[in-house]
Amino acid sequence: MSRPLPGLPPPRPIPLKERSSILFVAMGQLDVLDGAFVLVDQNGIRTHIPIGGLACLMLEPGTRVSHAAAALAARAGTLLIWVGEAGVRLYASGQPGGARADRLLFQARLALDETARLNVVRKMYALRFAEDAPEKRSVDQLRGIEGARVRETYRLLAKSCGAEWDGRRYDPHEWDTANVVNRCLSAATAALYGITEAAILAAGYAPAIGFLHTGKPQSFVYDIADIVKFEVVVPEAFRVAAAVQRDRPLEGQRIADPVAAVRHRCRDQFRKTNILARLIPLIEDVLLAGGAEPPPAQPEAMPVAFADPKGLGDAGHRG
């Protein structure tokens, strides 16, 4: 019979809504030294990272990860995503422990039923544009209508922020060939996709099973993130790009690194808009629009990651 390990039991993961959003790391080794999660640079300098307080860690080129670091991130429920420069390409991602068969089967059932899928797409359209989708339209037709509205939204936001805009054009294989506004937009959406994937996995669903987007490893990530991206991150990208294009300061600061500036402003927007607390309820709201009843969890099912503890008082209690 094995004896219990000495000391206190390991702490439960922090609920997603109480975490910081995202952190990008590059050019160093992630490891666990003296019990702490650290990034060690080429000079041996350690930077401590509060891994349990993050929703997602984005690993850019030049990053190595030890077995101990990956294991600690998994126990803390923090998603690790290996990305290309500025996060514009996804190479691999971890699993913070939230996947459950009942949630995955429910999501797959909705995606495979044409009526349920159309209902989900219509709900996403209504949330994104604050109006009901046109009647008697197929998913493909709604995708075309949405695409036209998105292009116009980009144009209007660019104009309101004073950014020069000639369309969304970039090659993920040739990052440096994109203009500044497209690099800023890619950095902004990559940050949003990271925390959205963390929320989807934490809620027990599959990033690949999408409804409007299909056939990609992050199809459902794009579905959910696109609902909020024009509210949360795209305006910040255009503001930074406009400041660089016009060679002027932004809120009193000169922009030396547009991508870094976009990330910082997106992180601030994530906090201001309370996006981490909103994402999982948004996912549930979208899927319930399919019209099917979610199946009950089996007794042996894993609990949902980052479950919120029950409060001590009534609905107005802040404890």
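Values computed for the structure shown
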item	result
Leading residue by the ranking (nearest to residue 229 (Cα to Cα)) among those in region 110-142 that are assigned to a helix (DSSP H, G or I), out of contact with any Lys or Arg (no Cβ under 7 Å at 6 or more places or on another chain) and of a type in the set (Gly, Ala, Ser)	126
Residue check, residue 171 within 29 Å of residue 58 (Cα to Cα), open to solvent by less than 70 Å² (accessible area, probe 1.4 Å), assigned by the TED database to the domain that holds residue 225 and among the acidic types (Asp, Glu)	yes
Only listed residue being open to solvent by 10 Å² or more (accessible area, probe 1.4 Å), in a helix (DSSP H, G or I) and touching a residue at least 60 places away in the same chain (Cβ under 8 Å), chosen from 259, 286	259
All positions within region 77-98 that are modelled with pLDDT under 70, closer than 18 Å to residue 280 by Cβ and within 14 Å of the chain's Cα centre (by Cα)	95, 96
Extreme residue, nearest to residue 83 (Cα to Cα), among residues of region 217-230 that are at pLDDT 95 or above and open to solvent by 10 Å² or more (accessible area, probe 1.4 Å)	222
Residue within region 78-99 that is in a helix (DSSP H, G or I), open to solvent by 70 Å² or more (accessible area, probe 1.4 Å) and more than 22 Å from residue 213 (Cβ to Cβ) present	yes
Residues located in region 170-196, provided they are free of Cβ contacts under 8 Å to residues at least 24 places away in the same chain and small (Gly, Ala, Ser)	178
Pairs where the first residue, in region 39-63, is within 20 Å of residue 260 (Cα to Cα) and the second is among the acidic types (Asp, Glu), C-beta under 7 Å, 6+ apart	60/85; 61/85
Residues being under 13 Å from residue 121 (Cβ atoms) and either open to solvent by 90 Å² or more (accessible area, probe 1.4 Å) or among the basic types (Lys, Arg) (or both) - total across region 136-149	4
Cβ-Cβ under 6 Å pairs, at least 6 apart or on other chains, region 104-116 side on the phi < 0 side of the Ramachandran plot, far side open to solvent by less than 90 Å² (accessible area, probe 1.4 Å) and of a type in the set (Ser, Thr, Tyr)	107/205
Condition broken by residue 155, with the remaining ones in (1) open to solvent by 50 Å² or more (accessible area, probe 1.4 Å); (2) modelled with pLDDT under 95 satisfied	(2)
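The values are calculated or read from the model by the stated rules, or taken from the named source; none is laboratory data. Keep in mind that what you see is a predicted model, and the values were worked out from it rather than measured. A quick note on method: Cβ atoms are made from the backbone with ideal geometry, for glycine too, and the neighbour counts reach across all protein chains shown. Areas reflect the complete protein model, heavy atoms only, side chains present, ligands, DNA and RNA absent. Shrake-Rupley method; radii C 1.70, N 1.55, O 1.52, S 1.80 Å.
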